[in-house]
1. Do any of K161/K274; K2/K329; K262/K283; K115/K137; K267/K329; K274/K329 go past 19 Å between their Cα atoms, and which?
2. Please list the non-local residues whose amide H lies under 5 Å from the amide H of R336, H modeled 1.01 Å from N, same-chain partners needing a gap of 5 or more.
3. Compute the length gained on full extension between V88 and C371: take 0.36 nm times their separation in residues and subtract their Cα-Cα distance, giving the result in nm to one decimal.
4. Size of the dipole of region 2-181 about the Cα centre, Lys and Arg at +1 and Asp and Glu at -1 on the beta carbon, nothing else charged, in debye to 20?
5. Amide H neighbours of R365 under 5 Å, counting only residues 5+ apart in sequence or on other chains, H built in-plane at 1.01 Å?
6. Evaluate the charge dipole of region 139-203 about its Cα centre and quote only its size in Debye, nearest 20, assuming +1 on the Cβ of each Lys and Arg and -1 on the Cβ of each Asp and Glu.
7. From Cα pairs below 8 angstrom and at least 6 apart in sequence, can you work out the relative contact order of region 1-92, rounded to a whole percent?
8. Can you bin region 1-60 into rounded, prolate or oblate? Criterion: square roots of the alpha carbon gyration tensor eigenvalues sorted a ≥ b ≥ c, rounded for a/c under 1.5, prolate for a/b above b/c, oblate for the rest.
Amino acid sequence: MKRNLSIRYRIYPTPAQEAVFRRIAGACRFVYNLALEQRERFSRRDRAIRYVGQANELPALKGEAPWLKEIPAHCLQAALRDLDRAFVNFFEGRTDFPRYRHRGRSESFRFPDPKQFSIDHMSKLDRRTLRALIAPKFGKNRSNFGAIAIRLHRPLHGRLKNLTILRDGNNWYASFSIETRERHTPVHQYRDSAVAIDRGVSTPFMSSDGEAFGQQTEGPRELLRLRRLQQALARKRRRSSNRRKAIKRIAAHKAKIARRRKDSLHKLTNLIAKSHGTIVIEKLNVRGMTASAAGTATQPGRRVVQKAGLNRAILDKGWGEFRRQLVYKAALLGGRVVEVDARHTSQTCSVCRHVDAASRYNQTRFACVACGYAANADANAAQNILQRGLVAIGALVEIADTGGGLPLAACGDLAFGRSKKQEAKGASLKKVAA
Ligand SMILES: [Zn+2]
């Protein structure tokens, strides 16, 4: 089984190297935006503007913009590939129309050919924990800017596919895309353990065991600091070097919070993927996500009213990343992620299956009007998601339905024919789930 992963390492460019980074990133952005404009203007007439055509125009473009000649050609081609991918994603309905890249926001470039870069394990650099990253323009031959110092905080295994140099906050990183191959699918350590994770209202992630996850990474202290930094920025004179420094400080602060959030999300998904063989989550409409992020869609879905006050776009984005991490981590460990339709799960009693909006006592409490079962609203919803997931994989044959309950057919693609074998297999999981 082939799997693609990317690993990011911090790099420490010299000022001269950093200047070259910015030049290459700027050139890639220029080519990307130019190619996007070309497609925008002429696609209607000539639908066939694709990667190959645009890449073939690069030499002519260099004639008109000679400064592009010093940029590694592979990087420019990679930028065109990115654009091509962006269009494919758009035409296949996964994303919005490709947008222009802006200076400062997307500072990156890619070396698409693994033959062109390497890590020198016989470090010629002074600092002992650092290694030398060698790439075109950087350490490949004498007339260039020297190898880049890289900190290999973890080993780099697998087949290298490409290398992206990018800036995040004020730091630079080398992100390697690698392909790993496993000879056999591992058996999950807790393969009989199933859990569901719900996007909570009172907490970002709520498990069907009633455990709340997703600590706040941006508390009042961090917000206060951001406000102070912004006030300081407002006092600086335009185009002054102090203003530039203040902008840098704000970027550093934001990047720090982003790193914290990322770190806690990775820890969380790692914990969940390690401790459960089956993880059930709700299915999300990705298209709707990007649309609502742009602030256009009033997408009717669950809990729209309750969530109206929250910044839905941010929550959805976090959920998308959460899902992505869960899926690949579960796969690495031999587990699986099951997605189910989560409609009505917040109004359904997980004990008696009675569906009633009135059971939703308030934001955080669920109290069934039929049987009196009371629980945390998110935990109850997570229980429902778990049950649907178990039905979907054939581990739970039927959901006990005592009147007013959601008929199985209403769960969409969850309920369909199950073989004897699946039922037998389900028996063990059912016990665990109970
Ligand atoms: Zn009930």
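1. Values: K161/K274 27 Å; K2/K329 14 Å; K262/K283 22 Å; K115/K137 14 Å; K267/K329 11 Å; K274/K329 8 Å.
Check vs 19 Å cut-off fails for K161/K274; K262/K283.
2. For R336, whose amide H was placed from the backbone, the distant partners under 5 Å are T278, I279.
3. On the way: separation 283, 0.36 × 283 = 101.88 nm, distance 5.10 nm.
Going from the current span to full extension adds 96.8 nm.
4. Details: 37 positive and 17 negative charges, 102 e Å.
Charge dipole of region 2-181: 480 debye, to the nearest 20.
5. Residues meeting the criterion, in which the H sits 1.01 Å from N, are A377.
6. Values: 11 positive and 5 negative charges, 91 e Å.
My answer is approximately 440 debye.
7. On the way: 32 pairs, mean separation 37.5, N = 92.
Value for region 1-92: 41 percent.
8. Values: a/c = 3.19, a/b = 1.53, b/c = 2.09.
Oblate.
Taken together, the values in this text are just the output of simple stated rules run on the coordinates, not laboratory data. Given the structure is predicted, the values throughout are model-derived calculations rather than measurements. A quick note on method: Cβ atoms are made from the backbone with ideal geometry, for glycine too, and the neighbour counts reach across all protein chains shown.
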